[in-house]
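Only the coordinates and a few stated rules stand behind these numbers; no lab work does. All values reported here derive from a predicted model rather than from experimental measurement. Cβ placement follows ideal geometry from the backbone for every residue including glycine, while neighbour counts extend to all protein chains displayed.
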Amino acid sequence: MAHRFDVLVIGGGVAGLSVAWRTARRGLTVAVVDPAPASGASHAAAGMLAPVSEVTYTEEPLLRLGLASLARWPAFAAELTADSGHDLDYRTDGTLDVAFGADDLAVLDDLAAFVDKLGLPAERLTGRECRRLEPMLAPSVRGGLLAGADAWVDPRRVTRALLAALERRGGAQVRARVTGLETAAGAVTGVRLAGGGTVGAARVILAAGAWSGTLEGLPPEVLPPVRPVKGQIMRLRSPVPVLQRCVRGVVHGSHVYLVPRGDGELVVGATQEEMGFDTRVTAGGLWELLRDARELVPGVTELELADVVAGLRPGTPDNLPLVGPTALPGLSLATGHHRGGVLLAPLTADLCSGEAEPELLEICSPLRFQEH
Ligand code: GLY
């Protein structure tokens, strides 16, 4: 083998790059293998770091992961900025969840009580209080919940920063597709590359997002049970920021969110579609996003359309990520982050180095699908 690394990461999205950068910071040799890093789901993502406003009653383990990762974000962002010299547009002004009708208001009341029980900051607001915070909100907004601990970041800046920081820390990049794993004596010893050649490693981490379940040659019991969950998302441009914080709501039964960037960009997302490996942007998908976003902030239709893209979230059967060693010696996973890849990036890096809380390691362990 031409090269042998301590750690080799398959996949250069926000999860794989975070793991690789942190690994390089620990003084280990590391390489990321990806034909086009930072071009998949991380490129589409809005970057909400919002475990509280995305919480549901049935997903307390996911909430625990989200909160643990959110707590890691300030140090992660500061270290990444220092290592890369890049600004991440990391903002900490919270998420405002808004409601229009009596049913939605009741849901917000329940959510407020649940969040309060967890000891998390959340403030129930009237419609007028919501509009005082965000004057562009529709007059029909009747109430809201401000999740003050939520933050957000620009994922495209994050992945650019991770690539720069990885390079500065001596990490390698291999621009190629992985076609299979190399093994010896029942353990993974490296990867095979499309076009020939192999790269060796003491430990291989599969972080290929929605494609993690397609790696050839893996024993069926080790193959991660991830599936692509399509999300279409659009970016609008305004000369001045339209919103001060993330705003989300349920319109016509579907969730819509608006995420402002420091430069005036407004991200509107996202559809949630089970369409296999389909990344076509459709007229219907964009129409739904705009229709729903306009209910929250009528002025969005005045803005310039800057970008539309569809990404594939790596969904899992229990909506929890798959991070940690597999039953195959030498192979770990860092995938299955579904809607939370950006939020969970700092925690994912710590889980991969074994530096996370034992209960979180257990929640994410890929072995939960491999022990039967
Ligand atoms: N985290 C938001 C989304 O996946 O659309």
Which value, in debye to the nearest 20, describes the size of the charge dipole of the stretch 1-71 about its Cα centre when Lys and Arg Cβ atoms bear +1, Asp and Glu Cβ atoms bear -1, and nothing else is charged?
-> 360 debye
Size of charge dipole - the chain - debye, nearest 20, with Cβ of Lys, Arg +1 and Asp, Glu -1, no other charges | 960 debye
Looking at the stretch 1-125, what % of the alpha carbon pairs are farther apart than 21 Å?
-> 55 percent
Selection from 163, 105, 130 lying farthest towards where the dipole of the stretch 88-166 points positive, charges on Cβ = 163
Work from the charge dipole of the chain (Cβ charges, +1 for Lys and Arg, -1 for Asp and Glu, about the Cα centre) and give the residue of 86, 71, 194 farthest towards its positive end.
-> 194
Length added when fully stretched, residue 327-residue 252, from 0.36 nm per residue minus Cα-Cα | 22.6 nm
Simple label model, 7 Å out from Cα along Cβ direction - residue 240 to residue 71, nm = 4.0 nm
Tell me, what HN-Hα J-couplings in whole Hz come from the Karplus equation 6.51 cos²θ - 1.76 cosθ + 1.60 at θ = phi - 60° for each residue of the stretch 315-321, using x for Gly and Pro?
-> x, 10, x, 10, 6, 10, x
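Express in % the proportion of alpha carbon pairs of the stretch 60-214 at distances exceeding 23 Å. Intermediate values should be presented prior to the final figure.
Numbers: 7197 of 11935 pairs.
Tail of the P(r) past 23 Å holds 60 percent of the pairs.
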Please work out the Cα convex hull volume for the chain and give it in Å³ per residue.
-> 132 Å³
Unit charges on C-beta of K, R, D, E only; dipole of the stretch 309-372, Debye | 360 debye
Taking a crude spin-label model, label points 7 Å out from Cα along the C-beta direction, the residue 194 to residue 368 distance in nm is 3.2 nm
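Using the 10 angstrom Cβ neighbour count as an exposure proxy, how do 238, 42 rank, fewest first?
Numbers: 238 20, 42 26.
Lowest to highest Cβ neighbour count: 238, 42.
How much FRET efficiency would the formula 1/(1 + (r/R0)^6) give for residue 281 and residue 140, where r is the Cβ-Cβ distance and R0 is 35 Å, rounded to 0.05? Provide the component values of the computation, followed by the final result.
Details: r = 29 Å, r/R0 = 0.82.
Calculated transfer efficiency: 0.75.
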Can you sort 277, 114 so the residue with the fewest Cβ neighbours within 10 Å comes first?
-> 277, 114
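Treat the count of other C-beta atoms within 10 Å as a stand-in for reagent exposure and order 118, 331 from fewest to most.
Numbers: 118 14, 331 22.
Taking fewest neighbouring Cβ atoms as first place, the list is 118, 331.
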Length gained when the stretch residue 102-residue 306 is fully extended (0.36 nm per residue, less Cα-Cα span) = 69.9 nm
So which helices of the chain fit the span-like rule, where a helix is a whole DSSP H run, its Cα atoms reach 24 Å or more along the axis, and its mean Kyte-Doolittle is at least -1.0?
-> 60-84
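Of all DSSP beta bridges in the chain, what percent run antiparallel (nearest 5)?
Details: 51 of 71 bridges.
Around 70 percent of the beta bridges assigned by DSSP in the chain are antiparallel ones.
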Taking the Cα-to-Cβ direction at residue 117 and at residue 214 and moving 7 Å from each Cα, how far apart do the two end points lie in nm?
-> 4.2 nm
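Local charge sum around residue 133 (other residues, Cβ-Cβ under 15 Å, Lys/Arg +1, Asp/Glu -1)? Each step should come with its number before you reach the end.
On the way: positive: 91, 124, 128, 131, 132, 142, 245, 248; negative: 93, 97, 123, 129, 134, 150.
Taking every other residue near residue 133 into account, the sum is +2.
Expected output is a single nm value to one decimal: the length gained when fully extending between residue 3 and residue 291, i.e. 0.36 nm times separation in residues minus the C-alpha distance. What is it? It would help to have the intermediate numbers written out before the result.
Working: separation 288, 0.36 × 288 = 103.68 nm, distance 5.20 nm.
Stretched fully, the residue 3-residue 291 segment lengthens by 98.5 nm.
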